[in-house]
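Report on one structure; see the data block that follows.
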Amino acid sequence: MEKAEIASLLAAIIQEQDVEAAMRALNAAGLNVFHWSTTGGFLGRRNATLLIGLPAGKESDALTALQKSCRQRIEYMSTPLEGGLLALQAPLPVTVGGATVFVLPVEHYEEF
Ligand code: 2BA
């Protein structure tokens, strides 16, 4: 079977809980995906980064698959309250996700 020419590389940072559903949706769209565990710099929580080599014309399929499978969630960040005698923590809500997506053009692609 002839391999499709890869035109762009999509890197998506998603939440750990969405990895399985995202992989299923991307595979169902005929896309090969590679993923690894990563950590968010701001909250320090584990997330996942997916790398997807995209043939021309497949970008919107990949984005649709991610939109359908990755949810927004509220995480709580602990911030110390100033001025109190006790070291109380005030949880601050932070909206995380669905997905942070970068699409980069591929200059050259080979498989051997
Ligand atoms: P974190 O860096 O842990 O960020 C988690 C969430 O915290 C972010 O969700 C955003 O809502 C909030 N946040 C991040 N930095 C902030 C800041 N300086 N001030 C206020 N709130 C802030 P998302 O935007 O959905 O990002 C989820 C994860 O995607 C991030 O985890 C990070 O691992 C990655 N990410 C987001 N934007 C990125 C970028 N421009 N470059 C590389 N990675 C990025």
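Things worth noting here:
- In the chain, a dipole from Cβ-located charges (positive for Lys and Arg, negative for Asp and Glu) runs towards its positive end, and of Leu31, Ala90, Phe102 it is Ala90 whose Cα lies farthest in that direction.
- Stretched out straight at 0.36 nm per residue, the stretch from Glu111 to Glu59 would grow longer than its current Cα-Cα span by 16.7 nm.
- The protection proxy used here, the mean number of other Cβ atoms lying within 10 Å of each residue, ranks peptides 100-111, 23-34 as follows, highest first: 23-34, 100-111.
- The chain - mean residue ellipticity at 222 nm from DSSP helices (-39,500 (n - 2.57) per run, n ≥ 4, rounded to 500): -5500 deg cm²/dmol
- Accessible area of the chain belonging to carbon and sulfur atoms, whole % at 1.4 Å probe: 56 percent
- Tilt relative to the chain, helix 19-28 - C-alpha long axis, 0 to 90 degrees, to 10: 20 degrees
- Whole-number percent relative contact order across the chain, with pairs defined as alpha carbons under 8 Å at least 6 apart: 35 percent
- Annotation: per residue accessible area for the chain equals 71 Å², rounded to a whole number [probe 1.4 Å, protein chains only].
- Taken about its Cα centre, the chain carries a charge dipole of about 440 debye when Lys and Arg each add +1 at the Cβ and Asp and Glu each add -1 at the Cβ.
The values are calculated or read from the model by the stated rules, or taken from the named source; none is laboratory data. Predicted model, so just to flag it, every value in this text is computed and none were measured. Because the Cβ atoms are built from the backbone with ideal geometry, glycine has one as well, and the counts that use them run over all protein chains shown. Surface areas here come from the heavy atoms of the whole protein model, side chains and all, with no ligands, DNA or RNA. Shrake-Rupley method; radii C 1.70, N 1.55, O 1.52, S 1.80 Å.
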